[in-house]
Amino acid sequence: MQAVILVGGLGTRLRPLTINSPKPMLSLLNRPFIEYIVTLLKEHDIDDIILSTGYLPDTFNRLVDDFARLGAKLTCVTEEIPLGTCGAVKNIEHLIDDTFVVFNGDILTNLNLSFLIDYHRHKQALATLALTSVDDPTSYGLVPLNSNGHIKEFLEKPNWDEVTTDLINAGTYILEPEVLQYAPAGENFSFERGLFPIMLEKGLPLYGFPSGAYWLDIGSPEKYLRAHYDILDGKMQAIVEGEEIKPRIWVGAGLEVADSANLFAPILIGKNCKISDNVSITGPTSIGDNCTIGEGVRIDGSVIMEDCHLGGSSVIRNSVLGRGIKIGRKVHIEENAVLGDNMKVGDDNWLKKGIRIWPETEVLPGTIRF
Ligand code: GDD
Ligand code: MG
């Protein structure tokens, strides 16, 4: 079976992490995020995968070998201009030959795709949407259902006064190719505000499949951290790469840890890292390959990507550090701070309260304290 993964978005809510990397290529526990989607697809015998790219398309090229290792064939098609979620699929219509899957490229889930496909066939639907329940539906597509599972209406990003259910579009669809006849070619057109409302207007069979499976859209720094926490905590089942040296502590080859360092699970530490004396790392925390953690550093509930160097006595708490960052001594990075790739932070700075700093910048010693 074929699947189209939509990966053309700019990932604006995840900036600065998405300045150099599209959202689906950000690492999650030291693997490109999209690998989790491909692993799920493959588990359900969906192995012919088309990526609809737009933003930073070349970054996806290195996936060809990774996908082959996972047993999937990869085709990348790049849009000249953003065509919207449905326009992106219309753009590759000529590659589709039968019932197929569409997946938003920022969804972490263990949804049972085989059940979803069986349900779609049983209902003889033209389109079936996976649905999930969330506390705040206003950031998503609201999907109220009739008692037979037929979708009543589709309201993208509703106001609170329009919210009549907690069921939302989970960003995974089973489609019959013929629905694409209702999408204009070469124009920006979305499923959410275009195709689905048109299908409802025409009375075509559009079904919803509520699922209680784990589900998360990783599209904001808080949710990107949450994805790490949930896999490390075991709330979302996924293979964590590395050797499990103690329960829920995974490490890569070439790790050097001082005897006086304390590691509190769950933690992933990548390859070739060096952890100095009196360091304390509290999970859920993920550290990328080739990082050095200076003496007395405390890390708690954070994500640190590859090639980062942390100076002595610094504190990193509930925050995300991009790739190749150099942190001086006595630096505090806390409360959902997000630092872009290759930043430098001099000694004695306090970066807190959701601060976001762009890649390649330098914070001189002692300049930020709030
Ligand atoms: N190729 C291509 N072209 N891909 C696109 C484009 C485009 O023009 N626009 C967005 N995408 C991709 C993004 O890269 C992402 O993987 C996916 O489509 C969804 O875009 P988001 O920007 O993440 O949308 P959202 O999260 O606000 O809302 C969507 O997902 C929710 C579930 O997470 C909608 O489908 C909602 O209805 C849904 O509830
Ligand atoms: Mg999203």
**OP:** Might you check whether a residue that is loosely packed, with under 15 Cβ neighbours inside 10 Å and closer than 24 Å to residue 41 by Cβ occurs anywhere in the stretch 252-272?
**Re:** no
**OP:** Determine whether the stretch 5-20 contains at least one residue that is more than 8 Å from ligand 1 (Cβ to nearest atom), farther than 25 Å from residue 321 by Cα, in contact (Cβ under 8 Å) with a residue 40 or more places away in the chain and not in a strand (DSSP E or B).
**Re:** no
**OP:** May I ask you to verify whether residue 319 is over 22 Å from residue 358 (Cα atoms) and of a type in the set (Ser, Thr, Tyr)?
**Re:** no
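Among the strands (runs of 3 or more DSSP E) contained in the stretch 202-318, which hold 3 or more residues that are within 16 Å of ligand 2 (Cβ to nearest atom) and under 30 Å from residue 10 (Cα atoms)?
Working: elements: 206-210, 215-217, 243-246, 249-251, 262-264, 267-269, 280-282, 285-287, 298-300, 315-317.
By residue number, 215-217.
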**OP:** Would you mind telling me which numbered condition in (1) farther than 24 Å from residue 239 by Cβ; (2) surrounded by 13 or more Cβ atoms within 10 Å (Cβ to Cβ) residue 108 fails?
**Re:** (1)
**OP:** Select from the stretch 129-150 the residues that are free of Cβ contacts under 8 Å to residues at least 60 places away in the same chain, more than 12 Å from ligand 1 (Cβ to nearest atom) and closer than 19 Å to residue 198 by Cα and list them in ascending order.
**Re:** 144, 146, 150
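Let's see how each residue does on (1) β-branched (Val, Ile, Thr); (2) free of Cβ contacts under 8 Å to residues at least 60 places away in the same chain; (3) closer than 28 Å to residue 23 by Cβ; (4) in the same structural domain as residue 281 (by TED's automatic domain parsing):
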residue: 295; (1), (2), (3), (4): no, yes, no, yes
residue: 298; (1), (2), (3), (4): no, yes, no, yes
residue: 301; (1), (2), (3), (4): no, no, yes, yes
residue: 312; (1), (2), (3), (4): no, yes, no, yes
residue: 321; (1), (2), (3), (4): no, yes, yes, yes
residue: 325; (1), (2), (3), (4): yes, yes, yes, yes
residue: 331; (1), (2), (3), (4): yes, yes, yes, yes
Subject >> Residues within the stretch 187-232 that are within 19 Å of residue 123 (Cβ to Cβ), more than 14 Å from ligand 1 (Cβ to nearest atom) and of a type in the set (Ser, Thr, Tyr), tallied >> reply: 1
**OP:** For the stretch 82-101, state whether one or more residues are free of Cβ contacts under 8 Å to residues at least 60 places away in the same chain, surrounded by fewer than 16 Cβ atoms within 10 Å (Cβ to Cβ), in the same structural domain as residue 210 (by TED's automatic domain parsing) and not β-branched (Val, Ile, Thr).
**Re:** yes
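Can you name every residue in the stretch 27-50 that is within 16 Å of ligand 2 (Cβ to nearest atom) and buried (at least 24 other Cβ atoms within 10 Å of the Cβ)?
Restricting attention to the stretch 27-50, the residues satisfying the condition of being within 16 Å of ligand 2 (Cβ to nearest atom) are 28, 33-34, 36-37.
Hit for the stretch 27-50 is 34, nothing else.
If you scan the stretch 77-88, which residues turn out to be away from ligand 2 (no atom under 16 Å from the Cβ) and not in a loop (DSSP other than H, G, I, E, B)?
Within the stretch 77-88, the subset away from ligand 2 (no atom under 16 Å from the Cβ) is 77-81, 83, 87.
Residues satisfying the conditions are 77, 78, 87.
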**OP:** List the number of the failed condition for residue 229; all other conditions in (1) aromatic (Phe, Trp, Tyr); (2) crowded, with 17+ Cβ neighbours inside 10 Å; (3) in the same structural domain as residue 180 (by TED's automatic domain parsing) hold.
**Re:** (3)
Original post:
residue 199 is checked against (1) in a helix (DSSP H, G or I); (2) in contact with a Pro (Cβ under 9 Å, 6 or more places away or on another chain); (3) within 26 Å of residue 110 (Cβ to Cβ) and fails just one. What number does that condition carry?
Top reply: (3)
Original post:
Among the residues of the stretch 62-77, is there at least one that is touching an Asp or Glu at 6+ places or on another chain (Cβ under 8 Å), in the same structural domain as residue 187 (by TED's automatic domain parsing) and near ligand 1 (Cβ under 9 Å from one of its atoms)?
Top reply: no
Original post:
Got at least one residue in the stretch 128-149 being out of contact with any strand residue (DSSP E or B) (no Cβ under 6 Å at 6 or more places or on another chain) and among the hydrophobic types (A, V, I, L, M, F, W, C)?
Top reply: no
**OP:** Select from the stretch 21-64 the residues that are within 15 Å of residue 108 (Cβ to Cβ), assigned to a helix (DSSP H, G or I) and not hydroxyl-bearing (Ser, Thr, Tyr) and list them in ascending order.
**Re:** 23, 24, 25, 34, 35, 37, 38, 40, 41, 43
Original post:
Any residue in the stretch 168-189 that is outside any strand (DSSP E or B), within 16 Å of ligand 2 (Cβ to nearest atom) and closer than 26 Å to residue 33 by Cβ?
Top reply: no
Original post:
Name the pairs whose Cβ atoms lie under 6 Å apart, with the first residue in the stretch 155-179 and within 14 Å of ligand 1 (Cβ to nearest atom), the second in a loop (DSSP other than H, G, I, E, B) and aliphatic (A, V, I, L, M), and 6 or more positions between them or separate chains?
Top reply: 167/143; 168/134; 169/143
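The values are calculated or read from the model by the stated rules, or taken from the named source; none is laboratory data. Note that this is a predicted model, so its numbers are computed, not measured. We place every Cβ from the backbone using ideal geometry, glycine too, and count neighbours over all the protein chains shown.
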